[in-house]
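Working notes for the structure below.
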């Protein structure tokens, strides 16, 4: 499976006005189709339903995800991608997008929830004095969806190697990466 895929269109686009042609080109691209069509038939539907539960507080966000089959279940990780700032004095900086996530609606997506946990790891400095990523704090759900066992992790921040999901231009407009 491909790592660090971003869903199109940008989710929670109430604050966004993405160009329709860009979305159509992206959806029609062979790379996007191959990424979306791997795995069981229910997988894209499930990922899309979970992605709808991310709600950015202020900015626009794109949901990133990783999916891989395990011995006895599907492993799915999801997160809201960072925003890269282009132009102006903060050019090139990235920032996490603050969001809320509807846990009650999430539990309703599963036929049966076997476990629901929040794994929280406080940020402390490592040996080099660097703040580690908070990607280790996550919601962990194991349950049944479409007669398959799924372990879903919802991260508060994207993995370090995910790259940005959106770019905000100096004029205030947004574009997907």
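No lab work stands behind these numbers, since they all come straight from the coordinates. Not measured: the values here are computed from a predicted model. Cβ coordinates were reconstructed from backbone atoms using ideal geometry, including for glycine residues, and neighbour counts include every protein chain displayed.
Between residue 101 and residue 171, the C-beta separation translates, for a Förster distance of 30 Å, into a calculated FRET efficiency of about 0.50. Packing-based ranking of 93-106, 149-162 yields 149-162, 93-106, ordered from highest to lowest mean Cβ neighbour count within 10 Å. Arranged from fewest to most other beta-carbon atoms within 10 Å of their beta carbon, 121, 46 become 121, 46.
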